[in-house]
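Heads up, the thing below is written out as C-alpha cells.
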Amino acid sequence: MPDHSAQPAVLFTAFEPSGDDHAAAIIKVLKELCPNLTIYGWGGRKMEAAGAQIIAFTGDDAVMGMPGLAKIKEHKRINASIEEWLVDHPIRVHIPVDSPAANFPVCKLTKAVGAKVVHMVAPQLWAWAPWRIRKLRRLTDHVMCVLPFEEDWFKSRGVDATFIGHQLFDEPMDFDALDEQIANWTRGEQNIALMPGSRPGEMRKNFPLLLGAYIKLANEHPEMRGLVAATREEIEPELRKIAVDAQLAWPDSLDMTHSNTDAVIRWCDLAMVVSGTVTLQIAKQHKPMVIVYKMISRWLWTLIAQWLIQTKFITLPNLIAGRVICPELVPHFGGSDPIADRVVELLEEQDVFKKQVQELQDIGKVFESQNASENAAKIIARYAGVQ
C-alpha cells in the first residue's frame, strides 16, 4: 500500500468539460492555499492550466457523445490505468468531480488504498435513485454540495456534507466589460436568447423546439431579434444542420454566437433555455426564462422515468426556490407552441415578468455569501492534513 506519510498529494478525477471547469477553479485556490501540496488529475486542459499534473486527459469524448458501449470500454481502461498508477503514487484525498457513474468505480479504488474521498458536486440522489445512498456512504468521506438544500438531505441520511455555494456565483459580474462586448450587437424591440445546450443528443431533440418557438414569435413580432448561444465554435454548424434536418427556415432576425454565454444573457430580455446549469447563469443576471427539456418518449416517461424522479420540480431555479418561479416544460412532449405561449405571457404580462426577476434575485442571495472554490479548497486541505 502507498506510503501516505510521504509528500502530501491529492487526486482530482473529472470526465466532462463541466467537471474540468469545477476542478480547475478549486485547484487554482488550493495551489495558493497549500503551495507544497501535489495535485494530480485525470481531467482537462483547464485543470492543467490551474496547476494540476495531468496523468491523462479526459472529457473530449464525453462532449461529443461517445456510443454507450465504447464509453463503457473507455472507462474500464481508465479505471485500470488509475488502479495501476495508485500503486506507486500515494494520495491522501481523492476528489471525484460530478459524473458519479464514471467516478464511483474510481472511488472504490482510492478507498482501497486508504485515501479519503471528498465529492465535488453531490450526486443527485435526491432527484432519482435515492437507494444508492448506501453506495455513497461506502464510497465517500464528505460531499461538497453546490445546491443549498442538499446538505440537510445528505446529512439526514448519514453522509457528511457541506453546502459550499456554486462556482458560477464566486466572481461578481463585470457588466461594463459585457456592455462593451455587446455594444455593436443588433437589438430589437424584444431580444430573445436561445440556449440549446451542448450535448449532441440534447441539441438534436431540443433545438428544433426552441427554433420553432422563435419562428412563431418572430412572425408575430417583426421587430424581435434573436440570438443563439452556441457553447463552442464547432457547435454552430451542427445547429445549422439540425435546423435544416428539421425543415425549419433560419429567420433573418436570428443570429448566432459562440463561447460567450454571459454576454448573450446580458444582451437578451428573456431566454428560452434547455434545462441545465446554464439556468443558474441566467438567474445570476436576473433574466426571465422559459425552461425546456425533451429527451425521452412519453411512453418511457409514463412507464418508467416518472416513478424514478423523486422531486416535485426538475429545473434548478425551481428546485432552489422550492416552487415554480420559471415556467418549466420538463419533460416536454409537445411542439414549439407551448414554449412560444409562455414567452408571450412573460413579454405581455409585466407583473409576471417582474415577479420572476425578483424571484431570481432572491436565488442569487442564497449564494452571494459563499465562495465555492475557497470553501472546497479548505475542506480538501483539511482532509489532506495540510490545514
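Here are the numbers:
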| quantity | calculated |
| --- | --- |
| Residue in region 151-167 that is more than 16 Å from residue 124 (Cβ to Cβ), out of contact with any strand residue (DSSP E or B) (no Cβ under 7 Å at 6 or more places or on another chain) and outside any loop (DSSP other than H, G, I, E, B) present | yes |
| Hey, residue 241 in the same structural domain as residue 186 (by TED's automatic domain parsing), surrounded by fewer than 19 Cβ atoms within 10 Å (Cβ to Cβ), in a helix (DSSP H, G or I) and without any contact (Cβ under 8 Å) to a residue 24 or more places away in the chain or not | yes |
| Residues satisfying the stated conditions in region 114-126, i.e. closer than 21 Å to residue 30 by Cβ and touching a strand residue (DSSP E or B) at 6+ places or on another chain (Cβ under 9 Å) | 115, 116, 117, 118, 119, 120, 121, 122 |
| Region 193-244: number of residues that are more than 26 Å from residue 345 (Cα to Cα), over 17 Å from the mean Cα position of the chain (by Cα) and of a type in the set (Lys, Arg) | 3 |
| Qualifying residue in region 200-222 (condition: buried (at least 16 other Cβ atoms within 10 Å of the Cβ), closer than 20 Å to residue 17 by Cα and out of contact with any Asp or Glu (no Cβ under 7 Å at 6 or more places or on another chain)) | yes |
| Spans of helices (runs of 4 or more DSSP H) in region 5-98 with at least 1 residues out of contact with any helix residue (DSSP H, G or I) (no Cβ under 8 Å at 6 or more places or on another chain), modelled with pLDDT of 90 or more and surrounded by 21 or more Cβ atoms within 10 Å (Cβ to Cβ) | 17-33 |
| Cross-chain or 6+ apart pairs with Cβ under 9 Å, region 150-162 first and touching a residue at least 40 places away in the same chain (Cβ under 8 Å) and more than 11 Å from residue 140 (Cβ to Cβ), then of a type in the set (S, T, N, Q) and assigned to a helix (DSSP H, G or I) | 162/375 |
| Unmet criterion (only one of (1) within 25 Å of residue 363 (Cβ to Cβ); (2) not assigned by TED's automatic domain parsing to the domain that holds residue 380) for residue 183 | (1) |
| Qualifying positions in region 120-145 - buried (at least 18 other Cβ atoms within 10 Å of the Cβ), touching a residue at least 40 places away in the same chain (Cβ under 8 Å) and more than 18 Å from residue 15 (Cα to Cα) | 126, 142 |
| Residues that are hydroxyl-bearing (Ser, Thr, Tyr), closer than 22 Å to residue 18 by Cβ and modelled with pLDDT under 90, drawn from region 278-314 | 311 |
| Filter result for the condition that a residue is more than 30 Å from residue 12 (Cα to Cα) and not aromatic (Phe, Trp, Tyr), over 344, 366 | 344 |
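The values are calculated or read from the model by the stated rules, or taken from the named source; none is laboratory data. Note that the coordinates shown come from a computational prediction; the quantities given were computed from them, not determined experimentally. Heads up, the Cβs are rebuilt from the backbone with ideal geometry, glycines too, and the neighbour counts pull from every protein chain shown.
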